[in-house]
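Everything on this sheet refers to the single structure shown next.
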Amino acid sequence: MDELIQITLLSLGVSGIATAISLLIGLPLGTVLALSVFRSRGIVLSVVNTGMALPPVVAGLAIALLLWRSGPLGDLNLIYTPSAIILAEVVIATPVILGLSAAGIGQLDPRLQVQLQGLGASRMQTVFWLWREARLSLLAALMAGFGSVISEVGAAMMVGGNISGQTRVLTTAMVLDVGRGNFGAAIQLAGILLALAFLVNGILTWAQQSGKRH
Amino acid sequence: MTFDPDAAEDATRPVLEARDLVVRRGGREVLSIAKFGVSRHGTVAVVGPNGAGKSTLLLALALLVGPQEGSVLLKGQLVTPRLALHLRRRIGLVLAAPMLLDTTVRRNVAAGLRFRGIGGRQADVRVDEWLDRLGVLALRDRSARELSSGEAQRVSLARAFVLEPEVLLLDEPFASVDAAARSQLIDDTGRLLRETPRATVLVTHDLDEAGRLGTRMSVIINGRLRQDAPPEVVLSEPCDEDVAAFVGVQTRLPGRITSIDDGLAVVEVGGGRIEAISAFGIGQQVMCCLRPEDVTLRLSGQSSQPMPTTSARNRLSGVITKIVGKGPFVQVSVDCGAKVVADVTKASANEMGLREGDLVEATFKATAVHLIGLTL
């Protein structure tokens, strides 16, 4: 039971940190992408959209190549650590958060930006209010980002190694349990994952509905 | 050099002015204005057809669009793009759509104050005062989403007025309001502009609105400023044919001045001769402009009926080609060799029994005719 709690907390921690880092990278870039007009905008958008559909194992492979003992960042000794999983999950979640937040902000009426600036808003004040107006889309982007990494298994296995007590997370533990025929344990883990997914969606739905009431 | 427009304050200068402004969109020039300005207590109504560049001018004045060329000056000081925020902290903008933020009415109106670092009790007092002045104080704690179009636009106006800005920029502020509430809102806005006079630029396609609120009227057509004068001058003495057409001068008869006697010119037009007050010389090609409300009609061949007024010096005969309803009037088009249009009250049209095909006489005063010089 202790191990179960430890695995769950590690899963939550790794995915939470990865989502937070992805938000810090994805939201500003998504905002810039939504609000600026530049020549290669179409190309950037399609790269981001491809990134959103990036197979996690490809992200895992890329990070594994990078962190492998003989790889360019091998000296950091990060392979098979939670940090490696976080890194891979950032690669997976960032395009999701970037793309969805760009779409959410892009859906706002362009006149809103003009109106805010016409009332004397600075660039930061304008962005703050646009985020506030797009808050439900941004929340959805955040949840989608978290959802994409909490349930991910391929990359976590590849760069984490599923080391008991160190890098074993809910999904990799389940793969191992099923492989060993420990269906009871796998079902327990599945229950926890489902509960987490339910919780995430519950928060999102609640926020959307209270947003509508306002 | 510091940016301190107040240091150079000069009451005779426009508060906000634009010089040699050019705005291009997709390589195409959409606006080209040599000179435009609004004085300290003036309301300039910028009018023109849809797509003429009125809103573009308004947004360019706040450096919210372009301009690719030219300059905007606040109290005589050049506003560079780097100083745009300083300029915008001295203006208040209202757009055609209310563009309210998804929060309470109170927080909407406080938004601009918060951008300027004004908060707390001072902000609350000002917000309440202006909500009250616009008649929406009762909606203070409501969500902006629950408002009607008229209420929402009142909140949007309060949000700009509360800043007590040096320049108010209003872009079709009544366009989104339904007809029933519009007239009252125009009146209320006019009252606020009189009570707290400030430099105001009002963009509108509605001449009635422009006449009610404007101390000057600037006509923009195809991205150019065609005429800038008091509203009554623009309406009665448009400077060219396009402006004449836009301000509702429906009778436009081309002709040539054949004689002048004591300032009264005789113009030969297609369907006869017209006497008009003129500053032009003999031989000048002119366009005779007549507003429909200045033309009186009577049926021809009714000698028993006396002439309505003896001062109506001009008389043209023709056949009625079209009658259309226009509010309390009917608008009658008469073919007098060229088209003459008259507004007749519904009552008198019925009394005379006007019908298409009737032969009528159109009469109008020499003073009602405005001549535009034509260069060929």
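What follows draws every value from the coordinates through simple rules; no lab data is involved. Here the structure is a predicted model, which is why all the values come from computation and not from measurement. Ideal geometry is used to build each Cβ from the backbone, glycine not excepted, and the neighbour counts take in all protein chains shown.
Return one number: the angle in degrees, 0 to 90 and rounded to the nearest 10, between the long axis of the Cα atoms of helix B:105-115 and the longest principal axis of the Cα atoms of chain B. Between helix and principal axis, roughly 70 degrees. Listed from fewest to most Cβ neighbours within 10 Å, the set B:CYS289, B:CYS336 follows the order B:CYS336, B:CYS289.
The slack in the chain from B:SER143 to B:THR367, taken as 0.36 nm per residue of separation less the alpha-carbon distance, amounts to 75.1 nm. Using a Gaussian network model of chain B whose springs link C-alpha atoms within less than 10 Å, name the residue from B:LYS54, B:LYS365, B:LYS326 with the highest mean-square fluctuation. In the Gaussian network model the winner is B:LYS326. Put in order of Cβ neighbour count within 10 Å, fewest first, the listed residues B:SER156, A:SER151 become A:SER151, B:SER156.
As a footprinting exposure proxy, order B:ILE118, A:ILE63 by other Cβ within 10 Å, with the fewest listed first.
Lowest to highest Cβ neighbour count: B:ILE118, A:ILE63.
When chain A is treated as a Gaussian network with alpha carbon springs shorter than 10 Å, the biggest mean-square fluctuation among A:ALA34, A:ALA18, A:ALA155 belongs to A:ALA34. The lysine pair tally for the protein assembly as shown, using Cα distances under 27 Å and a gap of 8 or more places or different chains, is 12. Put simply, the C-alpha atoms of the stretch B:5-242 give a gyration tensor, and the ellipsoid matching it has half-axes of 28, 21, 17 Å, longest first. Of the residues B:GLY51, B:ILE372, B:SER149, the one whose Cα sits farthest toward the positive end of the charge dipole of chain B, with +1 on the Cβ of Lys and Arg and -1 on the Cβ of Asp and Glu, is B:SER149. The modelled label-to-label distance for the pair A:LEU61/A:LEU45, using points 7 Å beyond Cα in the direction of Cβ, is 2.9 nm.
Expressed as a fraction of 2.2 N^0.38 Å, the value expected for a compact globular protein of N residues, the C-alpha radius of gyration of the stretch B:164-249 is 1.12.
Grouping the Cα pair distances of the stretch B:138-283 into 5 Å bins from zero gives a pair-distance distribution of 2, 8, 14, 15, 14, 12, 9, 6, 7, 6, 3, 2, 1, 1, 0 percent in increasing distance order. Note on the protein assembly as shown: dipole from Cβ charges, positive end direction compared against A:GLY120, A:LEU10, B:GLY112; the farthest Cα belongs to A:LEU10.
Label reach from A:LEU199 (point 7 Å along Cα→C-beta): in the stretch A:1-28, amide nitrogens under 15 Å belong to A:4-17.
Counts of other chain beta carbons within 10 angstrom of each beta carbon in peptide A:106-118 average 5. Across peptide B:90-100, the mean count of Cβ atoms from other chains lying within 10 Å of each residue's own Cβ comes to 4. For the stretch A:29-132, the list of chymotrypsin sites (Phe, Trp or Tyr not before Pro) that fall in a loop by DSSP and count at most 10 other C-beta atoms within 10 angstrom reads A:PHE38. Treating each Cα of chain A as an identical point scatterer and summing with the Debye formula, the log10 of I(q)/I(0) at q = 0.17 Å⁻¹ comes to -1.14.
Extension gain for B:GLU232-B:LEU264 works out to 9.3 nm (0.36 nm per residue, less the C-alpha to C-alpha distance). Calculated [222 nm] ellipticity per residue, helices only, for chain A: -26500 deg cm²/dmol; basis is -39500 (n - 2.57) per DSSP H run with n ≥ 4, divided by all residues, nearest 500. Per-residue extension of 0.36 nm, minus the Cα-Cα distance of B:GLN68 and B:GLU29, leaves a gain of 13.1 nm for this segment. Helix A:123-133 and the long axis of chain A differ in direction by around 70°, with both axes built from C-alpha atoms. Only helical runs count toward this figure. For chain B, summing -39,500 (n - 2.57) over DSSP H runs of n ≥ 4 and dividing by all residues gives -7000 deg cm²/dmol at 222 nm. Relative intensity of the stretch B:249-373 on a log10 scale, I(q)/I(0) at q = 0.17, 0.23 Å⁻¹, equals -0.82, -1.33, per a Debye sum over C-alpha point scatterers of equal strength in the absence of solvent. The alpha carbon centroids of the stretch A:175-214 and the stretch B:182-224 are separated by 59 Å. The calculated P(r) of the stretch A:41-165, using every Cα pair and 10 Å bins from 0, goes 13, 32, 27, 17, 9, 2 in percent.
Calculated on C-alpha atoms, the gyration radius of the protein assembly as shown divided by its Kirkwood radius gives an Rg/Rh of 1.18.
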